[in-house]
Structure formats: structure tokens, C-alpha cells
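Each value in this text was obtained by applying a stated rule to the coordinates, not by laboratory testing. Since we're looking at a predicted model, the values are computed, not measured. For neighbour counting, all protein chains shown are included, and Cβ atoms are generated from backbone atoms with ideal geometry for every residue, glycine included.
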Amino acid sequence: MDALKNRIITDGKILDGDILKVDSFLNHQIDVTFLNEIGTAFKERFKDCEVTKILTIEASGIAVGCATSQFFNYCPVVFAKKGQAKNMGNDAYHAPLHSYTRGADFVISVSKQYLSENDKVLIIDDFLANGEALKALISVAQQAGCELVGCGAVIEKAYQPGGDMIRSKGIRVESLVRIKSMSVENGIEFCQ
């Protein structure tokens, strides 16, 4: 997606610790018009799939999931909560998650009333690097007995193992842009 590559180059910032900061348009301040382009791109990638639910994770995945939902007949967006909320109760699916950017371990939770074996689930997130968030969301979908149609990431750091690890399990992964290398000194090189 050339528009996304251009936006990353123009507005993204590479920080020490292998962090790509795109919070000016994607995951803190949100450019809604551009987010709709992202949703359109996911629809194009998964146009051959019937999707009844989009599954994502708080907080950065929610906006991308909602923007994508409109192109799949406004299907519900279910987001995993990090930690156990007192109002969720015990009737939930759980999976462990290590967050690199937060430097913390969580258990994600999704209420059982929002996912079932009748659902065709598309997992959506903003980043794919080590694959921890997608791995946890895949576990939740599997616990619910859903049909997993695939995983979509806005930005994949292809030089990190997450994408290859998930694809090696036979799970479809579509990333709108894939980064081959990234450093403060040399900038960003995208995969072809």
C-alpha cells in the first residue's frame, strides 16, 4: 500500500529500541479518512472471505478493526481486554501475552458471549513484529471454536519472527506494508 509507505516515511518516527512511532495518524491521534483507506485495503486482501466478526486487542487495534468492519457489512468488532475486568466475570476465554512496547506480561480476556463456533473471524491489529498479540488472539479464536479466516496487520516488521511463525502454522497473514529493515541511522527499507 503505497499511501501507507509514504505516510510512514513522512509522519513516522524511528526510536531507539526498534520502535516505529506512527501515533500521529494510526494509534494515538487517528486520521479517520486514512483509516478508511486501510479498511478498504483489508477488504481487498480478504475479499474472498466471509467475515462475521473482527477480533482485535485493546487499545491500538480497536480503531483499525472498526474502520475495517464497515467493509465487511459492519460486522461486530470484538476486542480482547488486557487483564481481567471485574465486570467481565469468569465466563471468558483467556490467553497470555507479552507486550514488547509496554515491557509487561498480560492475560487477555474475551467474554464467551461474543465469540462462538458459528463465527468466521478476521483478526486485525496495527503491528506485527514478534507475533505475541496475534498468537494470543489466535488462541482465543481457537478456544471459541471459531473459523479463523486470517490475520491482518497494518505494518509488519518482516525482519522479526512473528509473521513467519504464524504463517508456518498454516494461518493466512496479510500485511499492508512489510518492513525489511529499520534503524535510526538508515531509515526504513520496505519489502518489495
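For Asp11 and Asp31, compute 0.36 nm times the residue count separating them, minus their Cα-Cα distance, and round to one decimal in nm. Each step should come with its number before you reach the end.
Details: separation 20, 0.36 × 20 = 7.20 nm, distance 1.17 nm.
Gain on stretching Asp11 to Asp31: 6.0 nm.
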Give me the Å³ per residue figure for the convex hull around the C-alpha atoms of the chain. 115
Against the longest principal axis of the chain, how steep is helix 32-45, in degrees 0 to 90 to the nearest 10, with axes from Cα atoms? 70
Given the options Gly152, Gly162, Gly17, which has the most mean-square fluctuation in a GNM of the chain, springs set between C-alpha atoms less than 10 angstrom apart? Gly17
Distance from segment 1-41 to segment 142-192 (C-alpha centre basis), Å: 16
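Based on DSSP loop calls and a cut-off of at most 11 other Cβ atoms within 10 Å, the longest stretch of the chain free of exposed GluC sites (Glu not before Pro) is what? Write down the numbers at each step before the final one.
Working: sites that count: Glu117, Glu185.
Of all site-free stretches, the longest is 1-116.
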Extend 7 Å from the Cα of Phe190 along its Cα-to-C-beta direction; within segment 119-138, residues with backbone N under 19 Å of that point are 125-129
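Which of the trypsin sites (Lys or Arg not before Pro) across segment 1-78 are loop residues per DSSP, with 12 or fewer other Cβ within 10 Å? Let's see the in-between values first.
Values: sites: Lys5, Arg7, Lys13, Lys21, Lys43, Arg45, Lys47, Lys53; in loops: Lys47.
Of the trypsin sites (Lys or Arg not before Pro), the ones in loops of segment 1-78 whose Cβ has at most 12 other Cβ atoms within 10 Å are Lys47.
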Estimated FRET transfer efficiency (Asn73, Asp2; beta-carbon r; R0 35 Å; 0.05): 0.80
Stretch Cys49-Tyr159 to full length: gain in nm at 0.36 nm per residue minus the Cα-Cα span? 36.8 nm
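Counting pairs of Cα atoms in segment 110-160, how many percent are more than 18 Å apart?
On the way: 399 of 1275 pairs.
Tail fraction, whole percent: 31.
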